[in-house]
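Asks: Sharing a structure here in structure tokens format.
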Amino acid sequence: MELITNVEFGRMVNAAAQILTKNAQHINKLNVFPVPDGDTGTNMSLTMQSGAQYERDSTETSIAALSAAMSKGLLMGARGNSGVILSQIMRGFTKFVANFDTLDAKQFADALKAGAESAYKSVMKPTEGTILTVIRESAAAAGDAANRSSDLVEVTKATWQASRKALAKTPDLLPILKEVGVVDSGGQGLVFLFQSWYEVLSGKTTQDDLSTPPDMAQFDEKSGEFDAQVSLDPKDIKYGYCTTVLFETGKGTTQDRDWNYDEFYKYLAGIGDSLLVIADDGLVKTHVHTENPGAVLSESTHYGSIKWVKIDNMRDQQQEVIDRVAKEQASQKKPPVDTAVLTVASGHGIADLFKSMGVTDVITGGQTMNPSTKDLLNAITISKAKKAIILPNNANIFMAASQAAEMAKVPVEIVKSRSIQQGLTAMLGFNPDADVKENASEMTDQLTTVKSAEITKAVRDTSLDGKNIKRGEYIAIVDGKIQSNGRKIRDVALNAVKTMLDDDSEIVTVIFGSESNQKEAEQLTKAITKLKNGLETEIHEGDQPLYPFLISVE
């Protein structure tokens with residue numbers, strides 16, 4: 001094969017989306033921390049699905065136009081740092097092919113090289129041993145192969161083989177990967193992508209294999225514009241309940257079936273759409289749009305014990321959007337917000353805390369589901385503010401926030417909060433009457449005044465930072481590093497707080513999640529007050545999933 005036409009390109013894009021969806025759980029397992037929310041595979045899958053949707057919707061036939069459509073979809077749908085870097089790779093690829101109707105081997109290889117360069121430029125401090133290493137070495141191998149042969153099958157095979165070799169070297173380049181015994185998760189995703197491209201061009205993947213589009217979990221209509229959302233009649237929503245369930249297989253009194261991914265997936269596919277099922281070391285995350293959320297819960301209980309449930313009535317949500325816009329348009333007395341503060345969080349209690357401190361809008365997501373570039377951009381647009389500030393509350397959202405800021409039509413600043421606790425503390429520095437840059441600077445300064453701990457359960461055995469961690473143990477992550485682990489949650493939390501306290505510490509705040517309660521929080525704070533004389537404590541209900549306690553020390 002010496003030319004990639006619109007036909008082959010479309011198959012390549014959709015095969016990439018399918019292989020990433022199929023292997024999302026495998027990629028998720030490569031998370032360095034043994035926490036229950038490894039999401040690189042999910043992020044890359046949803047990002048690529050967005051690109052594939054845009055490519056399928058295009059009526060153009062040139063590589064230039066189809067690649068541009070794919071790139072726009074990737075950009076809007078990018079989730080997490082891995083998804084953003086993937087979108088940047090394809091952005092560089094697209095810029096190179098901007099004037100081509102078809103691609104030969106040399107052009108394909110040069111486009112990959114442009115993609116690698118774009119990816120490196122998108123990261124402030126590029127780190128080897130990551131997806132960046134994999135794309136750079138793969139592109140170099142593609143160039144060498146294209147110099148030897150005009151056969152695109154040979155070139156894509158060389159690209160895939162080089163990506164596998166580069167991935168195998170990532171633990172030698174990034175010590176923490178070697179310590180935990182994994183390869184880089186983002187790099188693994190890219191290896192799967194190149195595998196799918198080789199299989200399409202070599203005939204190992206046929207059109208029949210691509211007859212079913214990938215699942216579009218949490219993927220909105222293509223336009224993503226506010227006016228388009230308003231124009232959607234709630235009655236036109238086929239499946240009205242957005243249902244998300246997290247359950248642990250083989251547990252609980254209702255469990256009467258062994259876990260079977262295919263059977264569970266088939267059942268849900270029969271009662272809804274926008275389906276995503278990620279199984280990871282005994283934990284299953286499910287997202288589906290359905291008319292019968294009760295059936296989803298019932299089916300889940302046959303396989304195990306439910307840990308967390310979130311059900312949203314999308315018809316009511318859509319009506320609320322319509323009503324809110326109508327109210328805003330009808331009222332000319334209320335001026336638009338000058339500076340909108342947008343934050344990312346999960347849990348109604350945490351959302352209420354942020355809003356009480358002056359946050360304009362809380363975007364649902366964070367640890368368990370990173371919002372896309374489009375989600376953040378839509379929030380900016382909906383606010384109708386003259387300028388905006390984004391509090392990501394998670395380092396894995398920084399790059400998507402940066403892309404949204406670049407695409408926004410108003411000035412946007414990002415305060416790089418790495419945790420919910422940092423985000424809440426940053427709001428102490430917000431002044432609605434101040435300049436947006438001045439606000440961002442003051443809020444950023446506040447980040448250094450708080451120490452953050454997250455308490456959760458390990459989902460697998462691992463050794464990290466000199467600690468032997470067993471599956472099911474509680475672990476305390478203090479400012480991004482695992483500090484303690486053990487079977488008793490209060491002991492683990494207390495050990496974490498001890499390391500966070502210093503002479504200047506005055507107040508400890510405990511936010512309890514959906515897997516904890518007020519009583520347990522009170523018992524913990526009572527023990528905390530004994531650690532230091534004069535120490536004050538606060539308790540708030542956060543309702544956050546997967547993390548029984550979020551603790552801050554100021």
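Asks: Under a Cβ-Cβ cut-off of 12 Å, what is the net charge of the residues other than Ser150 that fall near it, where Lys and Arg count +1 and Asp and Glu count -1?
Replies: Counting the neighbours of Ser150, the net charge comes to -2.
Asks: What's the angle, to the nearest 10 degrees (0 to 90), between helix 489-500's Cα axis and the longest principal axis of the chain?
Replies: Tilt relative to the chain: about 90 degrees.
Asks: Which loop trypsin sites (Lys or Arg not before Pro) in the stretch 166-209, with loop taken from DSSP, have no more than 15 other Cβ atoms within 10 angstrom of their Cβ?
Replies: Lys204
Asks: If you average the C-alpha positions of the stretch 72-92 and of the stretch 96-122 separately, how far apart do those two centres end up, in angstrom?
Replies: About 15 Å separates the Cα centre of the stretch 72-92 from the one of the stretch 96-122.
Asks: Taking Cα centroids, how far is the stretch 454-503 from the stretch 360-395 in Å?
Replies: 30 Å
Asks: Which trypsin sites (Lys or Arg not before Pro) from the stretch 447-554 combine a DSSP loop assignment with at most 14 other Cβ atoms within 10 Å?
Replies: Taking the stretch 447-554 and a limit of 14 other Cβ atoms within 10 Å, the loop trypsin sites (Lys or Arg not before Pro) found are Lys470, Arg471, Arg487, Lys488, Lys530.
Asks: I'd like the Karplus ³J(HN,Hα) series for the stretch 350-359: coefficients 6.51, -1.76, 1.60, θ = phi - 60°, whole numbers in Hz, and an x wherever there's a Gly or Pro.
Replies: So the Karplus estimates, Gly and Pro as x, are 5, 4, 5, 4, 4, 5, 5, 9, x, 5 Hz.
Asks: In terms of the Cα gyration tensor, with a ≥ b ≥ c the square roots of its eigenvalues, is the stretch 6-210 rounded because a/c is under 1.5, prolate because a/b exceeds b/c, or oblate?
Replies: Since a/c reaches 1.5 and a/b is larger than b/c, the shape of the stretch 6-210 is classed as prolate.
Asks: Would you please name the GluC sites (Glu not before Pro) within the stretch 480-541 that are DSSP coil residues with at most 11 other C-beta atoms within 10 Å of their C-beta?
Replies: On the way: sites: Glu506, Glu515, Glu520, Glu522, Glu536, Glu538, Glu541; in loops: Glu506, Glu515.
Listed in order of number, the matching sites are Glu506.
Asks: Net charge near Gly486, counting Lys/Arg +1 and Asp/Glu -1 over other residues with Cβ under 12 Å of its Cβ?
Replies: Working: positive: Lys457, Lys467, Lys470, Arg487, Lys488, Arg490; negative: Glu473, Asp491.
Overall, the nearby charge balance is +4.
Asks: What net charge do the residues around Ala105 carry, taking every other residue with its C-beta under 14 Å from that of Ala105, with Lys and Arg at +1 and Asp and Glu at -1?
Replies: -3
Asks: Please report the spacing between the Cα centers of the stretch 8-61 and the stretch 258-305 in Å, no decimals.
Replies: 20 Å
Asks: A further question on this structure: Roughly what angle does helix 152-173 make with the longest principal axis of the chain, taking Cα atoms, 0 to 90 degrees, to the nearest 10?
Replies: 30 degrees
Asks: Something else now. Find the Rg to Rh ratio for the chain, where Rh is the Kirkwood radius over alpha-carbon pairs and Rg uses the same atoms.
Replies: Details: Rg = 23.8 Å, Rh = 24.6 Å.
Radius of gyration over Kirkwood radius for the chain works out to 0.97.
Asks: Between the helical axis of 105-122 and the dominant principal axis of the chain, each derived from Cα atoms, what acute angle in degrees is found, rounded to the nearest 10?
Replies: So the inclination is approximately 20 degrees.
Quick note: the coordinates plus some simple rules give every number you see, no bench work behind them. Quick caveat, the model's predicted, so the values are computed rather than measured. Virtual Cβ from ideal backbone geometry, glycine too; neighbours counted across all protein chains shown.
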